[in-house]
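What follows is one structure encoded as structure tokens, with my remarks underneath.
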Amino acid sequence: MVAILPAIADRRSIRVFLDRPVEQEKIEAMIEAGRLAPSSINLQHFRVLVAETPEDLAAVRAAAYHLPALMNAPVVLVCMADVGADAELQQHIGEVMAASPKADLGTLRSGRGNGLSLKMGREWALINAAIATENMVLQAVSMGLGTVWNHHFEHDEVRAHFNLPDNVALLTLLPVGYPAETPPPRPRRASVRWNPA
């Protein structure tokens, strides 16, 4: 059995990094973990840009208000979703239906009789990108690297610096490096199981 829970339990938000470069093969392994993430109807919305040159790092650090977590990270991954991937929906529905029990999508109904409405668009693309990003975070943990999700940045500044097209939605900036801190575990709820009253 593959042990996933230890990597999940060991993950911490790391905001202080050693002055040590991250090997390219480790960055590539993280990107591969993101590429392999599941996505709605296999649309594979996730995209990632690697900021590691002095110019690119300066741009993302400035866009993120010079937050300390980004200031000493040797690499920052710009995690994004291609919201235009929905254009490939028909092709991907065919692939999914071929691999699953045959069903006429037009006849599927909810418990209240509502016809099937596929959940598409920006929100779902960002959810898929978030799944891929967390795959990368867990891959980083398994290689002794630290990361922290950072949502606090000016999207327009990052978009302009990298000349990103309109079909790309920004999700998070992910600083990556060797941890220079060992934060203790944060308190967790005893259970997240919902028990209706």
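The values are calculated or read from the model by the stated rules, or taken from the named source; none is laboratory data. Keep in mind that this is a model prediction, so the values were computed, not measured. For neighbour counting, all protein chains shown are included, and Cβ atoms are generated from backbone atoms with ideal geometry for every residue, glycine included.
Among what's in the range 149-164 and is within 18 Å of residue 46 (Cα to Cα) and in contact (Cβ under 8 Å) with a residue 12 or more places away in the chain, pick the residue that is surrounded by the most Cβ atoms within 10 Å (Cβ to Cβ).
As a first pass, look at the range 149-164 and keep what is within 18 Å of residue 46 (Cα to Cα): 149-151, 155, 158-159, 162-164.
From what is left, the residues that are in contact (Cβ under 8 Å) with a residue 12 or more places away in the chain are 149-151, 155, 158, 162, 164.
Values: 149: 17, 150: 21, 151: 10, 155: 13, 158: 23, 162: 17, 164: 18.
Step by step, filter the range 149-164, then rank; the result is 158.
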Practice prompt. Quick one: residue 181 ticks every box in (1) in a loop (DSSP other than H, G, I, E, B); (2) without any contact (Cβ under 8 Å) to a residue 24 or more places away in the chain; (3) of a type outside the set (Val, Ile, Thr) except a single one, so which number is it?
Written response: (2)
Worksheet entry | Single residue of the range 16-38 satisfying the filter (among the charged types (D, E, K, R) and within 18 Å of the chain's Cα centre (by Cα)) that is surrounded by the most Cβ atoms within 10 Å (Cβ to Cβ) | 26
Response to the item:
Cβ pairs under 7 Å, 6+ apart or interchain, first in the range 101-126 and farther than 17 Å from residue 42 by Cα, second modelled with pLDDT under 90 and in a helix (DSSP H, G or I), ordered by first then second residue, are 116/105
Worksheet entry | First in the range 21-45 and more than 18 Å from residue 7 (Cβ to Cβ) and modelled with pLDDT of 95 or more, second anywhere and not in a helix (DSSP H, G or I) and not hydrophobic (A, V, I, L, M, F, W, C), Cβ under 6 Å, 6 or more apart | 21/74
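Scanning the range 179-197 for residues that are small (Gly, Ala, Ser) and exposed (fewer than 10 other Cβ atoms within 10 Å of the Cβ), which turns out farthest from residue 10 (Cα to Cα)?
Start the filter on the range 179-197 by keeping residues that are small (Gly, Ala, Ser), which leaves 180, 190-191, 197.
Within this subset, residues satisfying the condition of being exposed (fewer than 10 other Cβ atoms within 10 Å of the Cβ) are 190-191, 197.
Working: 190: 17, 191: 18, 197: 34 Å.
Within the range 179-197, the match that is farthest from residue 10 (Cα to Cα) is 197.
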Item to complete: For the range 39-64, name all the residues that are among the hydroxyl-bearing types (Ser, Thr, Tyr) and crowded, with 19+ Cβ neighbours inside 10 Å.
Response: 39, 40
Practice prompt. Test residue 169 against the stated conditions and say whether it is within 18 Å of residue 43 (Cα to Cα) and touching a His at 6+ places or on another chain (Cβ under 8 Å).
Written response: no
Discussion item. Given the criteria modelled with pLDDT under 95, farther than 15 Å from residue 81 by Cα and either part of a loop (DSSP other than H, G, I, E, B) or in contact with a strand residue (DSSP E or B) (Cβ under 7 Å, 6 or more places away or on another chain) (or both), does residue 196 qualify?
Written reply: yes
Discussion item. Conditions first: (1) closer than 21 Å to residue 86 by Cα; (2) at pLDDT below 95; (3) not in a helix (DSSP H, G or I). Residue 164 passes all but one, so which condition is the exception?
Written reply: (2)
